[in-house]
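Trainee: I'd like to ask some things about the structure below.
The values are calculated or read from the model by the stated rules, or taken from the named source; none is laboratory data. Fair warning: this is a prediction, and the values are worked out from it, not measured in the lab. Positions of Cβ are backbone-derived with ideal geometry, glycine not excepted, and every protein chain shown enters the neighbour counts. All accessible areas refer to the heavy atoms of the entire protein, side chains included, with ligands and DNA or RNA removed. Shrake-Rupley method; radii C 1.70, N 1.55, O 1.52, S 1.80 Å.
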Amino acid sequence: MDSDSNPVQEIPNTIKNPSKEPKFTASEIKLKARKPDLSAQLGTKIFVPHRHLKEQKKKETKARNGGDSLSTTPTQVSKKPRVTFSLTEHEIHHEFSHHNPNVARINNGSFGSCPGSVLAAQKNWKLQFLQQPDDFYFNTLRKGILHSRTVIKDLINADDVDEISLVDNATTAAAIVLQQIGRAFAEGKFAKNDTVLMLHCAYQAVKKSIQAYVTRAGGSVIEIQLPFPVTSNEEIISEFKRGIEKGKANGKKIRLAIIDHITSMPCVVIPVKELVKICREEGVDQVFVDGAHAIGSVEINVKEIGADFYVSNLHKWFFCPPSVAFLYCKKAASSEFDVHHPVVSHEYGNGLPIESAWIGTRDYSSQLVVPAALEFVNRFEDGIQGIMKRNHEEVVKMGKMLAESWGTNLGSSPEMCAGMIMVGLPSRLRVSSEDDALRLRSHLRECHGVEVPIHYHGLKDGEEGVKDKDGVITAYARISHQVYNKSEDYCKLRDAVNRLSENLLIRKTFYPE
């Protein structure tokens with residue numbers, strides 16, 4: 001294996017023989033200590049003594065690269081950080097050196113980011129499959145996926161690993177949950193016009209899944225309008241209670257409530273524990289929390305949250321390559337509700353975790369690198385908790401800097417955001433439609449090297465809206481912060497928007513009359 005794909009330097013063959021201790025001369029030890037790659041790749045300033053090289057080789061290769069060709073079972077990875085140092089700026093830059101250096105990438109929320117060490121682990125898993133597919137299928141794949149599921153189970157405080165399934169993304173998980181709701185309507189288990197409840201800002205793919213599986217089978221949908229900008233959890237809770245009342249009107253039953261943990265656009269952290277508690281008190285049959293942005297952004301304790309189903313993407317904020325997500329199904333829910341993977345394979349009927357672990361020949365490497373992703377985050381001070389804290393602090397800091405420069409506002413109080421925050425754009429930009437917002441986003445990408453989503457916020461009847469010195473603010477930028485971001489990324493966005501708001505001729509080039 002070449003050095004680019006393996007973060008540990010090659011070691012003499014004698015180390016591979018467990019019965020022999022390698023013999024190095026003093027000059028060989030000094031020569032190894034002078035090699036810079038080990039320190040840069042592993043994020044440590046301490047060189048490994050020669051008597052521990054064999055053990056270190058085994059740990060690092062298996063934990064980060066998913067196991068070598070001689071071993072099919074990755075080592076157990078602790079969820080608690082074992083290091084007392086953090087990666088240096090240079091080491092972080094090296095991990096994400098595959099990013100386009102000419103783009104201010106402040107949109108981690110859409111597609112996430114995967115460090116080089118985890119990509120190397122993914123490459124190793126791919127090669128293991130290609131080297132001997134039959135052996136990989138029979139002896140490695142299921143063990144590796146079980147290991148990843150066990151890591152997730154511990155991270156989210158689930159009771160049992162059988163409550164955890166790995167799927168492609170939150171959209172797949174939504175299809176799993178909504179298909180069984182649709183079947184219940186189609187088979188007459190639910191009355192016509194019984195209801196599915198969701199937030200109006202639910203992800204568009206979730207809305208389409210409701211249309212595909214629920215409404216066509218006779219179910220109705222209630223969309224709860226949440227305020228934006230929003231300043232307190234009480235505003236959200238109040239609107240949610242109104243939606244519950246509407247859903248239960250005329251004797252209807254709410255068969256499913258879909259609650260976002262962090263809404264996508266606009267982004268706001270939702271008080272899920274409180275809303276799930278309300279659902280239980282009001283007799284809602286099932287609760288599905290869509291936490292697509294959650295793991296790696298906020299703490300997840302599924303037992304405290306209390307939902308029947310919970311999904312989160314591991315490729316957004318937990319450094320896995322696209323695409324992989326976990327779907328938690330509470331034990332009681334998985335036995336009571338008829339949940340299956342939408343792709344039917346020969347594992348159908350063996351339980352959702354097993355069904356999801358084999359949906360035909362495909363690349364499963366993104367599901368297998370979860371332990372490597374955990375190993376990466378544990379190289380930071382305080383592990384994932386430290387990353388979440390620093391991302392939150394930095395995105396709030398950068399959001400306030402932008403709002404001050406533009407003379408606008410934040411879309412929510414800092415306490416209601418995680419690693420993303422909404423920042424009002426100057427009204428002089430005259431964003432008056434979704435198409436305008438998309439054109440502005442494209443212009444920022446193509447002409448200024450800035451990647452950031454733009455949210456159009458049209459006013460409802462009677463709504464005054466938030467104003468800056470020139471008029472009503474109708475658009476917001478959703479900025480993200482991840483470990484690779486620097487303040488220069490946000491200054492680049494700041495300056496680009498300031499130039500656009502001051503230049504009418506430029507604005508006219510992408511806002512046709």
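Trainee: Please report the accessible area of Leu127 (heavy atoms, 1.4 Å probe, ligands and nucleic acids excluded) in Å², nearest 10.
Mentor: Surface accessible to solvent at Leu127 totals approximately 70 Å².
Trainee: Positive end of the dipole of the range 149-291, charges at C-beta (+1 Lys, Arg; -1 Asp, Glu), about the Cα centre: which of Ala217, Val268, Thr171 has its Cα farthest in that direction?
Mentor: Ala217
Trainee: With a/c under 1.5 counting as rounded, go ahead and sort the range 167-225 into rounded, prolate or oblate using the C-alpha gyration tensor (a ≥ b ≥ c being the square roots of the eigenvalues; past the cut-off, prolate if a/b is larger than b/c, else oblate).
Mentor: Here the range 167-225 falls in the oblate category.
Trainee: Next question. Apply the Karplus curve 6.51 cos²θ - 1.76 cosθ + 1.60, θ = phi - 60°, to the phi angles in the range 350-358 and return the couplings in whole Hz, x for Gly and Pro.
Mentor: Whole-Hz 3J(HN,Hα) from phi for the range 350-358: 9, x, 4, x, 6, 4, 6, 6, 8.
Trainee: Within the set of other residues whose C-beta is less than 9 Å from the C-beta of Ala202, count the net charge using Lys and Arg as +1 and Asp and Glu as -1.
Mentor: Local net charge: -2.
Trainee: Can you order the peptides 255-262, 366-373 by their average number of other Cβ atoms within 10 Å per residue, highest first?
Mentor: Most protected by this proxy first, the peptides run 366-373, 255-262.
Trainee: Hey, got the dipole for the range 120-227? About the Cα centre, +1 on K and R Cβ, -1 on D and E Cβ, debye to the nearest 20?
Mentor: 360
Trainee: Based on the mean of other Cβ atoms within 10 Å per residue, sort peptides 238-246, 407-415 so the most packed one is first.
Mentor: 407-415, 238-246
Trainee: Follow-up question, since we're still on this one. Stokes-Einstein diffusion coefficient for the range 354-491 at 20 °C in a medium of 1.002 mPa s, Rh from the Kirkwood formula over Cα pairs: what value in µm²/s?
Mentor: 123
Trainee: Would you please give the residues with an amide H less than 5 Å from that of Val284, counting only those at least 5 places away or on a separate chain, with H modeled from the backbone geometry?
Mentor: When sequence neighbours closer than 5 places are left aside, there are no close amide H contacts.
Trainee: Further question: Report the charge-dipole magnitude of the range 168-291 in Debye, nearest 20, computed about the Cα centre from +1 at each Lys and Arg Cβ and -1 at each Asp and Glu Cβ.
Mentor: About 500 debye.
Trainee: Could you state the orientation-averaged shadow area of the convex hull built on the Cα atoms of the range 194-266, in nm² to one decimal?
Mentor: 4.8
Trainee: Whose amide H sits under 5 Å from the amide H of Ser113, counting only residues 5 or more places off or on another chain, with H placed in the peptide plane?
Mentor: Excluding prolines and chain starts, which carry no amide H, the hits are Phe319.
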